[in-house]
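J.: Take a look at the following structure, please.
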Amino acid sequence: MRLYRSQLIRILADIVLVNVGLLLAFGLRYVMVMVTNDAPGLAQQLFSDYRHQFVTTSWILTLLTVALFYTFGVYHHVRAYRQRFKVIVVIQGVALSHLIYGFGFYLASLLPNPPRGVVVLSWVFSTLLLVGVRIARTLYRAFEEHERATPVVSDQPKHVLVLGGAGYIGSILIRQLLDAGYHVRLVDSLMYGDRAIRALYSHPQFEFVKGDFRHIETVVRSLAGMDAVIHLGAIVGDPACAIDADFSTEINLIATRMLAEACKGYGIRRFIFASTCSVYGASNETLDERSALNPVSLYAQTKIDSEQILLRMADATFAPTILRFATIYGLSPRPRFDLVVNVLTAKAVREGKITIFGGDQWRPFVHVADAARSLRLALEAPLASVGGEVFNVGSDEQNYTINQIGDLIQALIPSAEVIQQGADVDKRNYRVSFAKIKRVLNFTPLHTVADGVHEICAALEAGEIDDYYDAAFNNYKYLTAETTLVRLESPWREQHAPALIS
Ligand SMILES: NC(=O)c1ccc[n+]([C@@H]2O[C@H](COP(=O)([O-])OP(=O)(O)OC[C@H]3O[C@@H](n4cnc5c(N)ncnc54)[C@H](O)[C@@H]3O)[C@@H](O)[C@H]2O)c1
């Protein structure tokens, strides 16, 4: 159990408030008795009794209240939970702690028994104090966010909204941003669950909004007070995107435009969009950011269309940056085994053989932690050098053919056999230049494919990943699984799509 400083402060404040509530209850009860009774010597006797009862029992009520609050999640930082339910949970916690406190003395009369009237009054005072302070704090925060939401834009963002950050890249990026001192708000519908971000819920700089970014209310609520937006949310990968073209287009394209327009409305200039080198499709040249695009899948097409919409919207109030990631490998809190390096490594370890289809196709690669780092570099770079710009993310040294990846894995796992089979259905073939990101952002990956292979091997061998075939590690499998088929109903589609697609 790890407690952060801000949680400790809140616990201490609650301890003070519970004791103030109990003191007020004893005080009021004292006054009430004195008003109705003037027996000689009563004032002193009652004062001494009440003082004794307070000193000997207040710690029990304090302990009960804090323990119940902790158990009910009052000290966690899940935003939706805090806003909607925290007041109710606090009321319930105070009621329960007072019930136990009141009845406990009757059942086990070991300690002096506080009068029932005091218990009831303390219940009322503590509820008012503990709820009142929270409402006041929420109002103050709303006021603060409103003030920050006015379009005064800092070139050094501190409050960052990450959309789709519970996934493979996002779950690493968010940790990097929190470590660097950013305040991070995450919006994610948790298509693949929350395992990758659960450990972050209690981080004081982290806020989580569970929601679908296709919904304007979710977007508007989440943008308040943010200085920058990193948009990672998507249906990711060619097979996953092809399952339901309308669904994928809504998420990958239409929502991107709506989000960008909302950012403009809020005066948020810094907008970083996760695209992919898949936009280059198939080509025998070495391609850079100015090369012709040649999408061979709906996934790539939605990314190209989103890029174009964003770049067309760029002006003095909006400065989007497009990062086209190479194919990613390596471990993250949400591992994916639908990516070539990861899945071939897993097959080599678990099945002792890897099957390669085709094999001559070129593909650039980058480690997931380096991909996350590139997002942070774009976030921190002067807007003048990244606004309205497109960057390929990777390194010239990590352009490989799939055969070369197979050989590399076999060299690291010599017991594995490599089997060549006919042509691949995946038509992608591209070699990419990463000179621009190196020149402008001074980005050079810190990891190699061999590092990624070692990580995956270690995680499999240590049993951290049991069944790499599990649908949780594969977007296509997960989205087509009977039990997890995600189809968020969308009246929104009919109402808005015609106006938003251009
Ligand atoms: N992983 C790669 O190899 C790679 C390569 C190039 C580009 N990219 C891009 O990087 C980004 C992140 O990729 P990833 O590998 O982390 O993907 P991922 O599939 O692991 O994560 C995507 C996240 O988006 C969320 N999401 C999807 N639709 C949503 C919605 N409507 N509302 C709220 N949340 C929603 C999902 O719940 C998930 O957590 C994507 O835009 C992807 O296209 C990834």
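J.: Looking at region 266-285, which of its residues are more than 16 Å from the ligand (Cβ to nearest atom), at pLDDT 95 or above and part of a strand (DSSP E or B)?
T.: Across region 266-285, the qualifying residue is only 270.
A quick yes/no check of all residues on (1) buried (at least 18 other Cβ atoms within 10 Å of the Cβ); (2) within 22 Å of residue 124 (Cβ to Cβ):
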{"residue": "6", "(1), (2)": "no, no"}
{"residue": "14", "(1), (2)": "yes, yes"}
{"residue": "17", "(1), (2)": "yes, yes"}
{"residue": "31", "(1), (2)": "no, yes"}
{"residue": "36", "(1), (2)": "no, yes"}
{"residue": "49", "(1), (2)": "no, yes"}
{"residue": "63", "(1), (2)": "no, yes"}
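J.: Look at region 172-225 and say how many of its residues are more than 12 Å from the chain's Cα centre (by Cα), among the charged types (D, E, K, R) and within 20 Å of residue 260 (Cα to Cα).
T.: Residues meeting the conditions: 4.
J.: Does residue 270 satisfy being touching a residue at least 40 places away in the same chain (Cβ under 8 Å), buried (at least 21 other Cβ atoms within 10 Å of the Cβ) and more than 17 Å from the chain's Cα centre (by Cα)?
T.: Answer is yes for this residue.
J.: Between 282, 262, which is farther than 21 Å from residue 224 by Cα and either assigned by TED's automatic domain parsing to the domain that holds residue 437 or among the polar types (S, T, N, Q) (or both)?
T.: Result: 282 is the single residue among 282, 262 that is farther than 21 Å from residue 224 by Cα and either assigned by TED's automatic domain parsing to the domain that holds residue 437 or among the polar types (S, T, N, Q) (or both).
J.: Sticking with this structure for a sec: Among the residues of region 250-265, write down those that are away from the ligand (no atom under 12 Å from the Cβ) and surrounded by fewer than 22 Cβ atoms within 10 Å (Cβ to Cβ).
T.: 257, 261, 262, 264, 265
J.: Taking the residues in region 200-217 that are within 10 Å of the ligand (Cβ to nearest atom) and crowded, with 18+ Cβ neighbours inside 10 Å as candidates, determine which candidate is farthest from residue 142 (Cα to Cα).
T.: 214
J.: Taking only pairs six or more apart or across chains, which ones have beta-carbon atoms under 6 Å, a first residue in region 247-266 that is more than 18 Å from residue 299 (Cβ to Cβ), and a second residue that is assigned to a helix (DSSP H, G or I) and within 12 Å of the ligand (Cβ to nearest atom)?
T.: That search, which allows pairs on different chains as well, returns 259/219; 262/219.
J.: Output the residues belonging to region 134-176 that are surrounded by fewer than 16 Cβ atoms within 10 Å (Cβ to Cβ), modelled with pLDDT of 90 or more and in contact with a Leu (Cβ under 9 Å, 6 or more places away or on another chain).
T.: The one that is surrounded by fewer than 16 Cβ atoms within 10 Å (Cβ to Cβ), modelled with pLDDT of 90 or more and in contact with a Leu (Cβ under 9 Å, 6 or more places away or on another chain): 176.
J.: In addition: Which one is surrounded by the most Cβ atoms within 10 Å (Cβ to Cβ), of the residues in region 236-246 that are in contact (Cβ under 8 Å) with a residue 60 or more places away in the chain and out of contact with any Gly (no Cβ under 9 Å at 6 or more places or on another chain)?
T.: 241
J.: Inspect all residues belonging to region 33-47 and state whether any of them is in contact (Cβ under 8 Å) with a residue 40 or more places away in the chain and in a helix (DSSP H, G or I).
T.: Checked region 33-47: no residue is in contact (Cβ under 8 Å) with a residue 40 or more places away in the chain and in a helix (DSSP H, G or I).
J.: Looking at (1) under 25 Å from residue 472 (Cα atoms); (2) at pLDDT 95 or above, find the lone condition where residue 247 falls short.
T.: So the condition that residue 247 fails would be (2).
J.: Out of region 183-199, which residues are within 15 Å of the ligand (Cβ to nearest atom), over 23 Å from residue 138 (Cα atoms) and not acidic (Asp, Glu)?
T.: 189, 190, 191, 192, 193, 195, 196, 197, 198
J.: Answer yes or no: is there a residue in region 347-360 that is within 16 Å of the ligand (Cβ to nearest atom) and either charged (D, E, K, R) or on the phi < 0 side of the Ramachandran plot (or both).
T.: The answer is no; no qualifying residue exists.
J.: Would you pick out the residues in region 315-346 that are aromatic (Phe, Trp, Tyr) and near the ligand (Cβ under 9 Å from one of its atoms)?
T.: Selection gives 325, 329.
J.: Okay, moving on. Using beta carbons and a limit of 7 Å, which pairs, at least six apart or on different chains, have the first residue in region 363-381 and under 18 Å from residue 331 (Cβ atoms) and assigned by TED's automatic domain parsing to the domain that holds residue 320 and the second one of a type in the set (Gly, Ala, Ser) and within 11 Å of the ligand (Cβ to nearest atom)?
T.: 365/326; 365/394; 366/326; 366/394; 367/330; 368/330; 368/332; 369/330
J.: Which residue out of 450, 459 is loosely packed, with under 14 Cβ neighbours inside 10 Å, among the aliphatic types (A, V, I, L, M) and touching a residue at least 40 places away in the same chain (Cβ under 8 Å)?
T.: Result of the check over 450, 459: 450.
J.: Going through region 305-328 one residue at a time, which ones are closer than 27 Å to residue 244 by Cα, out of contact with any Phe, Trp or Tyr (no Cβ under 8 Å at 6 or more places or on another chain) and either buried (at least 19 other Cβ atoms within 10 Å of the Cβ) or among the small types (Gly, Ala, Ser) (or both)?
T.: Matches in region 305-328: 305, 309, 325.
J.: I've got another one for you. Quick one: in region 31-90, of everything that is touching a strand residue (DSSP E or B) at 6+ places or on another chain (Cβ under 8 Å) and of a type outside the set (A, V, I, L, M, F, W, C), which residue is modelled with the highest pLDDT?
T.: 77
The values are calculated or read from the model by the stated rules, or taken from the named source; none is laboratory data. Quantities reported herein were computed from a predicted structural model and do not represent experimental measurements. Cβ: placed from backbone, ideal geometry, glycine included. Neighbour counts: every protein chain shown.
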